[in-house]
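Asker: The structure's right below; bear with me while I get my questions together.
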């Protein structure tokens, strides 16, 4: 299996329950493409150097995952989720 990092910036205006629901949805989507989450790093509300969607605050999550799967469906999923403001998937070199 190959290792990847998935960085997400979420809408900081989400209520706690809505944010937890979105994170659980994201985890289910990762499981759906046979990705195994090996590490989850959550940074709470931080300040940005520039505005995203009119806000200088953000909610940041970094997942380390292992997968051999295709990420096309994951990219489409993030593109339709209005509360996922940014996402970046990078391969971790061995």
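Asker: For the chain, calculate the relative contact order in percent as a whole number, restricting contacts to Cα pairs under 8 Å that are 6 or more residues apart. Display every interim value, and only then the final one.
Answerer: Details: 151 pairs, mean separation 46.8, N = 94.
Worked out over the chain, it gives 50 percent.
Asker: Provide 47, 83 in ascending order of the number of other Cβ atoms located within 10 Å of each residue's Cβ, fewest first. Working shown, then result.
Answerer: On the way: 47 8, 83 16.
Ascending Cβ contact count within 10 Å gives the list 47, 83.
Asker: In nm, to one decimal, how far is the modelled label at residue 2 from the one at residue 25, with both set 7 Å along Cα→Cβ?
Answerer: Spacing of the two 7 Å Cα→Cβ label points: 2.7 nm.
Asker: A further question on this structure: So for the pair residue 72, residue 38, with labels modelled 7 Å out along Cα→Cβ, what separation do we get in nm?
Answerer: Taking the simple label geometry, residue 72 and residue 38 are separated by 2.6 nm.
Asker: Compare the peptides 34-42, 21-29 by average per-residue count of other Cβ atoms within 10 angstrom and give them in order, highest first. Don't jump to the answer; show the numbers that get you there.
Answerer: Values: 34-42: 13.1, 21-29: 14.8.
So the peptides 34-42, 21-29, ranked by packing, come out 21-29, 34-42.
Asker: Convert 37 °C to kelvin, take the viscosity as 0.692 mPa s, use the Kirkwood radius over C-alpha pairs of the chain as Rh, and evaluate the Stokes-Einstein diffusion coefficient in µm²/s, rounded to a whole number. The partial results should precede the final answer.
Answerer: Details: Rh = 13.7 Å.
After rounding, the answer is 239 µm²/s.
Asker: For helix 16-32, what angle does its Cα long axis make with the longest principal axis of the chain, in degrees from 0 to 90 and rounded to 10?
Answerer: For helix 16-32, the angle is close to 20 degrees.
Asker: What does the helix-only formula give at 222 nm for the chain: each DSSP H stretch with n ≥ 4 adding -39500 (n - 2.57), the total divided by the residues, and the result rounded to the nearest 500 deg cm²/dmol? Intermediate values should be presented prior to the final figure.
Answerer: Details: 2 runs with 26 residues, N = 94.
Estimated from H runs of four or more residues: -9000 deg cm²/dmol.
Bear in mind that the values in this text are calculations on the coordinates, not laboratory data. Note that this is a predicted model, so its numbers are computed, not measured. As a convention, Cβ positions derive from the backbone with ideal geometry for all residues, glycine included, and neighbour counts pool all protein chains shown.
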